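What follows draws every value from the coordinates through simple rules; no lab data is involved. All values derive from a computational prediction rather than experimental measurement. Heads up, the Cβs are rebuilt from the backbone with ideal geometry, glycines too, and the neighbour counts pull from every protein chain shown.
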Amino acid sequence: MAAILVTVGMGPWSFDRLIRAVEPLCAYHDLFVQTGASAVVPPCPHARWIPLDEMQCRLSDAAIVITHAGSTVRLVQRLGRVPIVVARRRALAETGSDRQESFLRVEERAGRVRAVWAVETLPAAVASHLTPAARKLEPALPPAVSDEELTSILERVSRRLLG
Amino acid sequence: MVIVSGSGGVLLDTLALRPWWQHQETSWVAVRAADTEIALHGLPVTWLPDPPTWPHLVTATWRAFRLLGRRRPDLIVSAGRRLTVPFFLAARLRRCRRCGWKP
C-alpha cells in the first residue's frame with residue numbers, strides 16, 4: 001500500500017475520466033484525490049479544492065503523484081520525482097486546447113514522467129511505479145532560481161521596459 | 001503594476017513571481033475561481049469573466065481598456081492567454097508597458 005496523491009488541478013475543467021480511473025486503486029492504496037471541478041466522487045478521502053500551501057505539503061508527503069498534465073508536473077519534478085501523468089483531451093471536453101497532450105509527449109520523450117495515454121492501464125502504471133528507483137527523477141531538474149535572482153532578473157526586465 | 005491571471009497553472013506562474021511583486025504597488029485582475037479566490041484573498045483584485053471565445057475579444061479588450069484608463073499602471077504582467085490577450089491589446093492602445101511571462 002502506497003500513499004498516493006491524485007490531483008486534477010485547480011482550473012475550471014472537469015476530469016471525470018481520471019477520477020473514475022483511480023477508483024479501483026482506493027481498495028489497495030492510501031489515496032487522497034483532489035477532484036476540482038469533476039462531478040465524480042471517489043470512494044476515498046477527497047477534496048475539491050486545496051490551498052497551494054497544503055498542496056505543496058501533500059506533494060512532498062505522497063509516495064506517488066498522479067496528475068493531469070498541468071503545472072503540478074513541474075512541482076513534482078522539482079521534488080526529484082517522476083509523476084504519473086494523464087493528459088486532458090480537448091476532444092473529450094476536458095480542456096480547451098491540445099497543450100496538455102503536446103506537453104506530455106515532450107516530457108515522456110525526455111523521460112521525466114510516466115505517461116498514461118489509456119486510463120485503463122493506470123493500475124499497471126502504479127504497480128510499476130512502486131519502487132523508489134522507478135519514482136526517482138534522473139537526471140534531476142536544475143534548481144529553481146533563488147528569490148534574489150528572480151527579483152534581480154525581473155527588475156532588469158521592468159527597467160528596460162520602462163526606459 | 002497590474003497582474004492579470006486566470007485560474008490553474010497561470011495563477012501558479014504569477015504567484016511564483018511573488019518575491020518580486022510583493023515589493024511593488026500591485027493590483028490584480030483575475031478570473032473568479034476556487035484557486036484564485038483562495039490565493040488572492042486580501043489582495044486588491046478586480047474580478048472579470050474569462051472570455052470564452054475569440055468573438056468576445058472585442059468586448060474584453062474594451063473592458064480592459066477602460067480598466068487600464070482608471071488604474072494607469074506602468075507595467076502589466078501576466079502568464080496567461082485568454083484574459084491576458086485583451087489586456088495586452090488594451091495596453092498597446094494605452095501605450096502601457098507589458099511583461100509576458102512564459103516559463
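In chain A, helices alone account for a calculated mean residue ellipticity at 222 nm of -10500 deg cm²/dmol, with every DSSP H run of four or more residues adding -39,500 (n - 2.57). When chain A is treated as a GNM, springs tying every alpha-carbon pair under 10 Å, which of A:LEU150, A:LEU59, A:LEU137 comes out with the largest mean-square fluctuation? Maximum among the listed residues: A:LEU150. Across the options A:VAL41, A:GLY9, A:GLY70, the greatest Cα extent toward the positive end of the charge dipole of chain A (unit charges at beta carbon of Lys, Arg, Asp, Glu) belongs to A:GLY70. Across all directions, the average projected area of the convex hull around the alpha carbons of segment A:109-163 is 6.7 nm².
Taking the Cα centre of segment A:3-162 as origin, work out the dipole magnitude from +1 charges on Lys and Arg Cβ and -1 charges on Asp and Glu Cβ, in debye rounded to 20.
Values: 20 positive and 17 negative charges, 88 e Å.
Here segment A:3-162 has a charge dipole of around 420 debye.
Once Rg and the Kirkwood radius are both taken over the C-alpha atoms of chain B, their ratio Rg/Rh works out to 0.92. Just the C-alpha atoms of the protein assembly as shown: what Rg/Rh do they give, with Rh taken as the Kirkwood radius? Taking Rh as the inverse mean 1/r over Cα pairs, Rg/Rh reads 0.99.
GNM on chain A, alpha-carbon springs under 10 angstrom: the most fluctuating residue among A:CYS57, A:CYS26, A:CYS44 is A:CYS57. Largest mean-square fluctuation among B:THR59, B:THR84, B:THR14, in a Gaussian network model of chain B whose springs join Cα atoms under 10 Å apart, belongs to B:THR59.
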